[in-house]
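The values are calculated or read from the model by the stated rules, or taken from the named source; none is laboratory data. Not measured: the values here are computed from a predicted model. Note that we place each Cβ from the backbone using ideal geometry, even for glycine, and neighbour counts take in every protein chain shown.
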Amino acid sequence: MKLDWSEIGASFLRSLVPVGVTYSAALIGIQYYSGERFEFESPGGLAGLLIVPFFTLTHCVVPVFFYFLFVSAIQGMKKKMHAGGTNPVMLVPFLLFSGFVYLHIGLWYGIPAITLAFMTEWLTIPVAVIHIALAKKGTRIWVFLEYGSTSFALLLFLVVFSAEELFPVGLLVALFQILLLTLVDWKGRGLWMKLAEE
């Protein structure tokens, strides 16, 4: 199978924007505007260097694919309902299931994003909101997942290490996140867009 480098390059650029903006805003907010230094009892060191990439992969990036499975199930149920082949009684379980899925997506990535914003004088929020608002209809949830995932990864770093180490050590988290999101965008973004078009 031949790799399409232009496609990978486009995925890299799309991933670079949310990660670069979120990391820069977090760095500026903590280093220059935040009067507080957030310290946690954390392992840091070698243990931290293993914990952060592991949880970034499992808790920030992999859920994007799980959410796709749930959202595609919701879309499938919607299609059946529009076709008129579903009992109206099924509307209640459908609403409960879809509400739970979207609420879970919002909380799973929204809470870390808001927590990081609080720690960085709210500088991480405006560009994310503008980017999500300006994104095409089929990609808004995707852009939200990118910003949420990046906020989660950076918050994880701040908890395991410290605000003082956001630069230069935290730059490794940003680079790792760009790499992961590039792979996910390359392989997963098309699925979400196709889902939105159906």
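Residues of the stretch 40-65 that are exposed (fewer than 15 other Cβ atoms within 10 Å of the Cβ), assigned to a helix (DSSP H, G or I) and modelled with pLDDT of 80 or more: L50, F54, L57, T58.
List every residue pair whose Cβ atoms sit under 9 Å apart, with the two residues 6 or more apart in sequence or on different chains, where the first one lies in the stretch 103-127 and is acidic (D, E) and the second, anywhere, is surrounded by fewer than 14 Cβ atoms within 10 Å (Cβ to Cβ). Listed by first residue and then by second, the contacts come to E121/Y32; E121/Y33. Of the listed requirements (1) hydrophobic (A, V, I, L, M, F, W, C); (2) surrounded by 12 or more Cβ atoms within 10 Å (Cβ to Cβ); (3) at pLDDT below 80, A83 misses just one: (2). Is it true that some residue in the stretch 70-86 is under 18 Å from the mean Cα position of the chain (by Cα) and either closer than 30 Å to I30 by Cβ or free of Cβ contacts under 8 Å to residues at least 40 places away in the same chain (or both)? So far as the stretch 70-86 goes, yes, one or more of its residues are under 18 Å from the mean Cα position of the chain (by Cα) and either closer than 30 Å to I30 by Cβ or free of Cβ contacts under 8 Å to residues at least 40 places away in the same chain (or both).
One line per residue, one yes/no per condition, for (1) surrounded by 12 or more Cβ atoms within 10 Å (Cβ to Cβ); (2) under 24 Å from Q177 (Cα atoms):
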site: F68; (1), (2): yes, yes
site: S72; (1), (2): yes, no
site: M77; (1), (2): yes, no
site: G110; (1), (2): yes, yes
site: W122; (1), (2): yes, yes
site: A133; (1), (2): no, yes
